[in-house]
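The values are calculated or read from the model by the stated rules, or taken from the named source; none is laboratory data. Every value quoted in this text rests on a predicted model; they were computed, and no experiment measured them. Please note: Cβ atoms are built from the backbone with ideal geometry, for glycine as well, and neighbour counts cover all protein chains shown. Quick note on the areas: whole protein, heavy atoms, side chains included, nothing else; ligands and nucleic acids left out. Shrake-Rupley method; radii C 1.70, N 1.55, O 1.52, S 1.80 Å.
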Amino acid sequence: MLERKRFSTGLFTAEVIGILLALLFLSPFYFLIINSFKKLKDILIDAAKLPEHFNLDNYRRAWEAIDFPIVFMHSVVLTCLSVAGLVIISSMTAYRIVRSPSLFNRLLFTMFVAAMIIPFQSVMLPLMKISAIFELRGHLYGIVICYLGFGVSLSMFLFHGFIKSVPREIEEAAVVDGCSPYGVFWKIVFPVLRPIVATVVILNVLWIWNDYLLPVLVVNNTYTTIPLAIQLFFGQYLRKWDMAMAALTLSTIPIVLFFLFLQKHIVEGIAAGSIKG
């Protein structure tokens, strides 16, 4: 009875701590949502106070000010193209490295892993020079290529760990049945990778959707995404917090719903790759 009581007390304490941490992490959403319904003066007076009236005028003005449907579609297209490219390139690269463990492939894998520790700020100036030489700046394909370059290391690393768990026997059976190497990968191996594909998709969607620094360096105002559009509310002498909060809420809703719908696959994919690998 004493051990059961201690266990119950410890479990209760852990649950209380978990609830407090959850409230702490959810507090930014509280400030974001309640201030999106306030007037600017009310936000400046007391940002934590609930609004007296839930007025949608901020959302209407923000929608019109940044032409939200256009910038939303820009973000969707950029995110979809970049994530699709990362999934295809990273999965095929990881499969080749795992199934052909030559010295060159092991060295290549080491280089990919080493690239993960290089901070983006250290390559900003070389990126600007290279993007100018190859005429990547100001174009959609330019920013997609940049995202492929910066995101392929982590994505390939995750695929690499998961592919180790895929038994060779199913591939050998497909080859005996006359399947081509590309057919083996796309028809046999890739469907097995669905948990880690979901993980890679979620992580990269969260990164690319919310990214500000890379788009402002490569495309700037020629292909305006949501983070670039929201900066219009922050001038040198005036910050329109009321409209900015409304625009941020509009941009956050789709990505939060997407994350909640697929978040269970993050742990599933990473755990499967680390334990079975």
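Structure summary
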{"read-out": "Members of the range 32-56 found to be surrounded by fewer than 13 Cβ atoms within 10 Å (Cβ to Cβ) and assigned to a helix (DSSP H, G or I), listed by number", "value": "41, 44, 45"}
{"read-out": "Where residue 93 falls short, out of the listed (1) surrounded by fewer than 18 Cβ atoms within 10 Å (Cβ to Cβ); (2) among the β-branched types (Val, Ile, Thr); (3) more than 21 Å from residue 217 (Cβ to Cβ); (4) more than 19 Å from the chain's Cα centre (by Cα)", "value": "(1)"}
{"read-out": "Among residues of the range 189-245, those that are open to solvent by 10 Å² or more (accessible area, probe 1.4 Å), outside any helix (DSSP H, G or I) and over 26 Å from residue 261 (Cα atoms), counted", "value": "9"}
{"read-out": "Answer from 138, 149 - the residue that is in the same structural domain as residue 204 (by TED's automatic domain parsing) and not in a helix (DSSP H, G or I)", "value": "138"}
{"read-out": "Search result, residues across the range 174-188 that are in a helix (DSSP H, G or I), open to solvent by 50 Å² or more (accessible area, probe 1.4 Å) and without any contact (Cβ under 8 Å) to a residue 12 or more places away in the chain", "value": "175, 176, 181, 182, 186"}
{"read-out": "Residue within the range 210-219 that is without any contact (Cβ under 8 Å) to a residue 60 or more places away in the chain and either of a type in the set (Ser, Thr, Tyr) or not assigned by TED's automatic domain parsing to the domain that holds residue 81 (or both) present", "value": "yes"}
{"read-out": "Long-range neighbours under 7 Å by Cβ, at least six apart or interchain, first residue within 14 Å of residue 246 (Cβ to Cβ) within the range 18-46, second outside any helix (DSSP H, G or I) and charged (D, E, K, R)", "value": "40/240"}
{"read-out": "Filter pass, residue 87 being within 21 Å of residue 146 (Cβ to Cβ) and not polar (S, T, N, Q)", "value": "yes"}
{"read-out": "Counted residues, the range 1-31 - those being at pLDDT below 80, loosely packed, with under 10 Cβ neighbours inside 10 Å and not basic (Lys, Arg)", "value": "3"}
{"read-out": "Residues satisfying the stated conditions in the range 89-114, i.e. modelled with pLDDT of 90 or more, closer than 20 Å to residue 183 by Cβ and not aliphatic (A, V, I, L, M)", "value": "90, 91, 93, 95, 96, 99"}
{"read-out": "Selected residue (only one of 229, 246 is in the same structural domain as residue 165 (by TED's automatic domain parsing), under 18 Å from residue 69 (Cβ atoms) and modelled with pLDDT of 85 or more)", "value": "229"}
